[in-house]
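Report on the structure given below.
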Amino acid sequence: MQDNETEAAPKRAAWNKGKLIGAKPPLRPKHVWSIRTKLQIADRKRDLAMFNLAIDSKLRGCDVVALKVEDIAPHGYAVERATVRQKKTGVPEVTEQTRQAVDDYIRTADRKPGDFLFAAPRRPGRGLSTRQYARLVGDWIRGIGLDPCMFGTHSLRRTKATLIYRRTGNLRAVQLLLGHSKIESTVRYLGIEVDDALAIAEQIDV
């Protein structure tokens with residue numbers, strides 16, 4: 001009887017075994033400044049421009065790597081509000097600090113209209129892949145002593161949006177900035193129901 005039984009196929013390890021899955025937390029302001037400072041000291045102009053732009057624009061990783069020079073600097077310098085369309089919806093804004101970093105990078109790297117803003121290493125005609133971008137984010141996170149498994153590219157996207165909500169409580173504004181079509185998506189993305197409940201609980205003494 002055993003001879004007629006087929007051997008069970010060996011079980012494959014789950015793709016997420018040993019990995020933390022789910023929403024990655026946003027960076028704290030001190031983390032942002034630590035990464036920014038390290039990149040400035042190391043004179044990594046491309047990485048500084050990419051990091052600042054990712055934080056400011058709240059773009060998804062796939063949109064960051066797809067940026068062309070003219071999306072951010074149509075006249076040779078970074079504009080205040082880029083007319084970049086996210087893969088889903090939304091138009092990002094760019095702060096003065098980010099404009100300066102992008103301008104320095106474009107000038108140093110001699111990027112031209114039509115070029116990908118962030119070119120792949122040794123393949124200047126092509127942009128970075130989302131995987132390469134994720135590895136860079138992991139390096140930045142690791143560089144300030146944080147666990148790269150705890151944070152990801154969406155941590156950068158969520159950072160400024162979360163800070164705006166905590167300072168203003170304006171959920172509708174955050175929804176527009178993130179390009180969400182439904183307010184429920186923004187609620188889930190920020191996890192604000194949990195944060196708000198904890199904040200209220202901390203203010204109550206028994």
Requested in this report: Tell me, yes or no, whether the stretch 163-175 has at least one residue that is surrounded by fewer than 18 Cβ atoms within 10 Å (Cβ to Cβ) and touching a Pro at 6+ places or on another chain (Cβ under 9 Å).
Outcome: yes
**Report entry** Hey, Thr153 open to solvent by less than 50 Å² (accessible area, probe 1.4 Å), in contact with a Phe, Trp or Tyr (Cβ under 7 Å, 6 or more places away or on another chain), modelled with pLDDT of 85 or more and closer than 22 Å to Asp56 by Cα or not
**Finding:** yes
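Which residues, taken from the stretch 155-177, are more than 25 Å from Asp139 (Cα to Cα) and part of a helix (DSSP H, G or I)? Talk me through it step by step, then tell me what you get.
In the first step, residues of the stretch 155-177 are kept if they are more than 25 Å from Asp139 (Cα to Cα); the result is 164-177.
Those that are more than 25 Å from Asp139 (Cα to Cα) and part of a helix (DSSP H, G or I): Ile164, Tyr165, Arg166, Arg167, Thr168, Leu171, Arg172, Ala173, Val174, Gln175, Leu176, Leu177.
Can you name the residue in the stretch 123-133 that is more than 17 Å from Leu39 (Cβ to Cβ) and in contact with a helix residue (DSSP H, G or I) (Cβ under 8 Å, 6 or more places away or on another chain) and, of all such residues, is most open to solvent (accessible area, probe 1.4 Å)?
Pass one, the stretch 123-133, residues more than 17 Å from Leu39 (Cβ to Cβ): 123-127, 129-131.
Next cut, in contact with a helix residue (DSSP H, G or I) (Cβ under 8 Å, 6 or more places away or on another chain) only: 127, 129-130.
Values: Gly127: 19, Ser129: 49, Thr130: 77 Å².
My answer is Thr130.
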Query - Qualifying residue in the stretch 38-53 (condition: of a type in the set (Gly, Ala, Ser), more than 18 Å from the chain's Cα centre (by Cα), at pLDDT below 90 and open to solvent by 40 Å² or more (accessible area, probe 1.4 Å)) - result: no
Query - Residues (at pLDDT 75 or above and open to solvent by less than 70 Å² (accessible area, probe 1.4 Å)) located in the stretch 65-93 - result: Val65, Ala66, Leu67, Lys68, Val69, Asp71, Ile72, Ala73, Pro74, Gly76, Ala78
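The values are calculated or read from the model by the stated rules, or taken from the named source; none is laboratory data. From a predicted model like this one, the values you see are computed outputs, not experimental measurements. Glycine also receives a Cβ, built like all others from the backbone with ideal geometry; neighbour counts cover every protein chain displayed. Side chains are part of the model used for accessible areas, which takes the heavy atoms of the whole protein and leaves out ligands, DNA and RNA. Shrake-Rupley method; radii C 1.70, N 1.55, O 1.52, S 1.80 Å.
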